[in-house]
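Undergrad: Provided herewith is a single structure, encoded as structure tokens, for subsequent inquiry.
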Amino acid sequence: MSRVAPYGSWESPVTTALITRAAVGLGLVDIDGDRLVWTELRPSEGGRTALVEAGLAGEDRRELTPPDLNVRTLVHEYGGGAARAQRGRRFAVSFTDQRPWLLGPGGPVPLGVPGERHADLDLSPDDRWLAAVCERPNADREHENLLRLLPLVEGEPLIIDQGHDFYSSPCFAPDGRSLAYLSWDHPAMPWDGTTLWLVSWDGRRAGMPQRIAGGPGESIFQPSWSPGGALTFVSDRTGWWNLYQLAGDSARPLAPAELEFGRPQWSLGSSLYGHVDERTIVACATESGRDRLLLIDTAAGQIARELEVGLTSIDALRVQAGRVALVGAGARRPTALLLLDLASGALREIASSLSVGLDPGDLSEPEAISFPSEDGATAHAFFYA
């Protein structure tokens, strides 16, 4: 039975002890064939992050990282992008030495350059190179950032670009002949201005970087490639982070709307959309502080429909073979790793952030509100009655 209590004296079953004992943080996600791979931040293990995988139904779950490997990177200090799973390969950056390790039956194999930090990984289509954002720590001045390719078969690490203050989001084209990535420089933060670059790659040497979009006054987020090789990205050139696709020498909008399809890059490795096929994208868009899952028709250049999944918060979205993996939560639903089948609409829970159940009556559902602020601006907030 509900009981009215004075403000500040409310009793709740959600305690600090419960959260630290029964909660895990669900992070980066990949779909790789018939396997799901994700990171788990575990308070019960002193804040260690592990890399875990399971089948598409959540079966055959197993941890990929040994107990002494903490999956965490310090690139840009905020970290992120510390693991990747592609075409049967599993990579995890160790907090201890900041190098990516190739995980396998024979034990982890170190990659990368000793003494450098590594993050935001992408495997080349020929499985011979691993793209990574790298950082050279310096005790006397600011750390140096660069973009590298790390050899998996033979050869030496190659520098693709350096000289900018920050890099992120390297991604190979499906044919392996191009690599796209982002950079930005002081004093801009990545939500102020970033530049999208494209560099040719022949398997041994890289060409000169070509600027595609962005600059001091335009923020670019999450470049990616369609299955057919069309470079796709998010830009805020209209004042809203919307989806665009490179067409010749210009970029065409895919679904113009007063919605945010991007987010500030506080950390690396963020993914909010993915390609179903050449014509279809599944994307997370934020409106009034709540996330929506949308199906985009790229040929028509519009939102086809909304996918009703009952979530208000969506992150770590990946798409493969008609399935969408994401980390999502609702006002009365704890954060969980979920798998959506686009054909049937079935939504399956693979892992939950909480191992104990909570009474929905103990949870407050907020109302999104807006109110006038300084200089004619509008502020937004959630009101918990």
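The values are calculated or read from the model by the stated rules, or taken from the named source; none is laboratory data. Since we're looking at a predicted model, the values are computed, not measured. Here Cβ is always computed from backbone atoms with ideal geometry, including for glycine, and neighbour counts include all displayed protein chains. Side chains are part of the model used for accessible areas, which takes the heavy atoms of the whole protein and leaves out ligands, DNA and RNA. Shrake-Rupley method; radii C 1.70, N 1.55, O 1.52, S 1.80 Å.
Undergrad: Among the numbered conditions (1) surrounded by 12 or more Cβ atoms within 10 Å (Cβ to Cβ); (2) among the acidic types (Asp, Glu); (3) in contact (Cβ under 8 Å) with a residue 24 or more places away in the chain, tell me where Asp341 comes up short.
TA: (3)
Undergrad: Against the definition (in a loop (DSSP other than H, G, I, E, B) and farther than 25 Å from Asn145 by Cβ), how does Asp68 come out, yes or no?
TA: Considered against the rule, which asks whether it is in a loop (DSSP other than H, G, I, E, B) and farther than 25 Å from Asn145 by Cβ, Asp68 comes out as yes.
Undergrad: Here's a check for you: in the stretch 123-141, which residue that is within 29 Å of Arg87 (Cα to Cα) and either outside any strand (DSSP E or B) or of a type in the set (Phe, Trp, Tyr) (or both) is least open to solvent (accessible area, probe 1.4 Å)?
TA: Ser124
Undergrad: Something else: How do the pairs read when you match residues in the stretch 131-145 that are modelled with pLDDT of 95 or more with residues anywhere that are aliphatic (A, V, I, L, M) and assigned to a strand (DSSP E or B), using Cβ under 6 Å and keeping only pairs 6 or more apart or on different chains?
TA: If the second residue must be aliphatic (A, V, I, L, M) and assigned to a strand (DSSP E or B), the pairs left are Ala131/Leu149; Ala132/Leu121; Ala132/Leu150; Val133/Ala119; Cys134/Leu146.
Undergrad: Same structure, new question: So, of the residues in the stretch 174-185 that are crowded, with 20+ Cβ neighbours inside 10 Å and not hydroxyl-bearing (Ser, Thr, Tyr), which turns out to be nearest to Ser224 (Cα to Cα)?
TA: Ala180
Undergrad: Scanning for something touching a residue at least 12 places away in the same chain (Cβ under 8 Å), more than 19 Å from Ile159 (Cα to Cα) and in contact with a strand residue (DSSP E or B) (Cβ under 9 Å, 6 or more places away or on another chain), does the stretch 108-126 turn up at least one residue?
TA: Yes, the conditions are met somewhere in the stretch 108-126.
Undergrad: From Ser370, Ser344, Ser364, grab the single residue that is in a loop (DSSP other than H, G, I, E, B), of a type outside the set (A, V, I, L, M) and either modelled with pLDDT under 95 or touching a strand residue (DSSP E or B) at 6+ places or on another chain (Cβ under 8 Å) (or both).
TA: Ser364
Undergrad: Name every residue in the stretch 270-299 that is of a type in the set (Val, Ile, Thr) and not in a loop (DSSP other than H, G, I, E, B), in order of residue number.
TA: Across the stretch 270-299, the qualifying residues are Thr280, Ile281, Val282, Thr286, Ile296.
Undergrad: Go through the stretch 197-245 and tell me which strands (runs of 3 or more DSSP E), entirely inside it, have 1 or more residues that are at pLDDT 95 or above and basic (Lys, Arg).
TA: Ranges flagged: 210-214.
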